[in-house]
Structure formats: structure tokens, C-alpha cells
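These notes concern the structure reproduced below.
No lab work stands behind these numbers, since they all come straight from the coordinates. What you are looking at is a predicted structure, and each value in this text was computed from that prediction instead of being measured. When we count neighbours, we look across all protein chains shown, and the Cβ atoms used for this are built from the backbone with ideal geometry, even at glycine.
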Amino acid sequence: MPHHDHPPWLLDERQRLGDRIRDRRMSCNLTQEALADRAGISRDTVHRVERAANNPRLSDLLRIARALETRLADLLGE
């Protein structure tokens, strides 16, 4: 399956992940820039993850979870 032909359910899951990250970030009163600084990643990466613009790397998700002081499982849901 070509990279750009992801099934709708996968795109929906990515969007839910991005929404949970944004909600957690906002509840921590962090900007995307502040989260990026804490996580050691770029603000563009945070922005892309929150907007579900790409498939995030596991290492980036782990960094985000740690920066938000939460478990990756909580960000992934279910």
C-alpha cells in the first residue's frame, strides 16, 4: 500500500492521538514551543503530530510523553 493511501481508520487514530497530545499539552499550560523544548524535538514535529500530518516516530512519541509527564499508553488511548 503506498504511503499516501492509508486507510481511513488509521488516519482517524492518528488524529485522536494528536488531539490527546494537544489536550494534555494545553492542560499543562504549555505552548508547542515549550513542549518541543522539554521533549528535545522541533516545534514543527509537535505541530505535525498534533495535526496528524505524518506518521510520528516512536522515539518522538516517547519524548513527548515524558515531557508531558504521562505514559505513552495514555496518549495512545485504549
Discussion item. Using only Cα atoms and rounding to the nearest 10 degrees, what angle (0 to 90) does helix 58-67 make with the longest principal axis of the chain?
Written reply: 30
Worksheet item: What would the Debye formula give as log10 I(q)/I(0) at q = 0.11, 0.13, 0.20 Å⁻¹ for the alpha-carbon point model of the chain, no solvent?
Response: -0.25, -0.35, -0.80
Response to the item:
Given unit charges at Cβ for Lys, Arg (+) and Asp, Glu (-), the dipole magnitude of the chain about its Cα centre in debye, nearest 20, is 200
Worksheet, complete the sentence: In deg cm²/dmol, rounded to the nearest 500, the helical mean residue ellipticity at 222 nm of the chain, built from -39500 (n - 2.57) for every DSSP H run of length 4 or more, is -19500 deg cm²/dmol
